[in-house]
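A quick write-up on the structure given underneath.
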Amino acid sequence: MDENRERLMREIMAADFTIIDLNLYLDTHPNDFRAIMLRNNFINRSVMLRNEYECMYGPINAQLSMSKCPWQWIKSPWPWE
Amino acid sequence: MWVYEKKLEYPVRIRTCNPKMAKYIISQYGGPDGELAASLRYLSQRFSMPTDETKAILNDIGTEELAHLEMVGSMVYQLTRGVPADVLEKEGLGAYYTDHDHAVYPMSAAGVPFTAAYIQSKGDVIADLHEDLAAEQKARATYENLINLADDPDVIDPLRFLREREVVHFQRFGEALRLVQDKFAEKKFYMTTPMPRM
């Protein structure tokens, strides 16, 4: 994996992790307005990073990411490699 | 439903193979306190949860455990990738190699295949949440044991992340339990099941 790809992917993982953690927190603290704002802001950040990553390296999300032809989804590396 | 994203929740980049560690780490894949048990337990219990908060937390923690399952599987895969059979055998994976070659198979460190006997889905919110609290502690303790067995920072790093997540999950289940107890104390019920049987 080249340096830029790895760097971008780590930033996406970090932003997404914040979203996941806030999601769990909000499940038991549904009235925390600031937490919801924070989560939504991190989603904007994640979307921006994903757009940058995906146009260079291909789809991340099986439901929502666009693909060129030939079908990019199958291309290695897969996350465990 | 679930959507797959082509990324791990947290990076796993192991540069040095170590079949001996793989043999131990596989317990968090298919062992009694591993991520498969956790995800199946929570995703099964969620159906009978009585409140919005409990349905959500069981659903969402269960989902995160699947991401952890993927991380643990990736660790086992990277620790054994390309290792020749005689080395696997010398490092204690001879029996495993016989039946599974370099594949990842859900079992414990002792070689016991995964079983649903590791989980309960009782349908009683108090019982289920207490089981979940215990499960998170058992998982945390297991990750601590694995961290004690490891010396490669590439291995310790994701193990530390996974251990910390167990601590957070324990916290969330504790909050969910308190919310349920408060809710039913409000109505002054002297019962343990959330739905009165008429």
- Longest site-free stretch - chain A; sites: chymotrypsin sites (Phe, Trp or Tyr not before Pro), DSSP loop, at most 16 other Cβ within 10 Å: A:1-70
- Whole-Hz Karplus ³J(HN,Hα) for the stretch A:33-48, in order, using 6.51 cos²θ - 1.76 cosθ + 1.60 and θ = phi - 60°, x for Gly and Pro? 4, 5, 5, 5, 4, 4, 4, 4, 5, 5, 5, 4, 5, 4, 4, 4
- Please determine, in degrees from 0 to 90 and to the nearest 10, the orientation of helix B:125-149 with respect to the longest principal axis defined by the Cα atoms of chain B, where the helix direction is its Cα long axis. 20
- Task: Let me know the charge dipole size of chain B about its Cα centre in debye, to the nearest 20, where only the beta-carbon of Lys, Arg (+1) and Asp, Glu (-1) is charged.
- Result: 380
- Query: Using 1/(1 + (r/R0)^6) with R0 = 30 angstrom and r between the beta carbons of B:Thr16 and A:Asp32, what's the FRET efficiency to the nearest 0.05?
  - Reply: 0.10
- Considering only lysines 8 or more places apart in sequence, or on different chains, count the pairs in the protein assembly as shown whose C-alpha atoms sit under 27 Å apart. 23
- Message: Show me, for the stretch B:105-122, the HN-Hα J-couplings you get by feeding each phi into the Karplus relation (A = 6.51, B = -1.76, C = 1.60, θ = phi - 60°), rounded to Hz, glycine and proline as x.
- Response: 10, x, 8, 8, 4, 8, x, 7, x, 4, 9, 5, 4, 6, 10, 9, 9, 8
- Task: In whole Hz, with x marking every Gly and Pro, tabulate ³J(HN,Hα) for the stretch B:93-98 from phi via Karplus 6.51 cos²θ - 1.76 cosθ + 1.60, θ = phi - 60°.
- Result: 9, x, 5, 4, 4, 3
- Message: Testing the spin-label approximation: label points 7 Å from Cα along Cα→Cβ at B:Arg81 and A:Ala62. State their distance in nm.
- Response: 2.1
- Please check chain B for the longest run free of chymotrypsin sites (Phe, Trp or Tyr not before Pro) that are loop-located per DSSP (anything but H, G, I, E, B) and have at most 12 other Cβ atoms within 10 Å. B:3-188
- Message: 7 Å from Cα along Cα→Cβ at both B:Asp152 and B:Ile126: what's the point-to-point distance in nm?
- Response: 4.8
- Message: Loop only by DSSP, 13 or fewer other Cβ within 10 Å of the Cβ. Give me the trypsin sites (Lys or Arg not before Pro) in the stretch A:33-81 that pass, ordered by residue number.
- Response: A:Lys68, A:Lys75
- Going by alpha carbons, how many degrees (0 to 90, nearest 10) lie between the helix axis of B:52-80 and the longest principal axis of chain B? 10
- Item | Unit charges at the beta carbon, dipole of chain B: most positive-side option, B:Val125, B:Leu149, B:Gln137 | B:Val125
- Message: With loop defined by DSSP as not H, G, I, E or B, and exposure as at most 15 other Cβ atoms within 10 Å, which is the longest segment of chain B clear of exposed trypsin sites (Lys or Arg not before Pro)?
- Response: B:16-80
- Residues whose modelled amide H sits under 5 Å from the amide H of A:Asn61, counting only those 5 or more places away in sequence or on another chain, are B:Lys6
- Message: Using the Cα centre of the protein assembly as shown as origin and beta-carbon charges of +1 (Lys, Arg) and -1 (Asp, Glu), tell me which of B:Gly92, A:Met37, B:Tyr4 is placed farthest towards the positive end of the dipole.
- Response: A:Met37
- Message: Let me spell out the model: positive unit charges on the Cβ of Lys and Arg, negative unit charges on the Cβ of Asp and Glu, origin at the Cα centre of chain A. What dipole size does that give, in debye rounded to 20?
- Response: 200
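Bear in mind these aren't lab numbers, they're just calculated from the coordinates by the rules spelled out. Quick caveat, the model's predicted, so the values are computed rather than measured. Because the Cβ atoms are built from the backbone with ideal geometry, glycine has one as well, and the counts that use them run over all protein chains shown.
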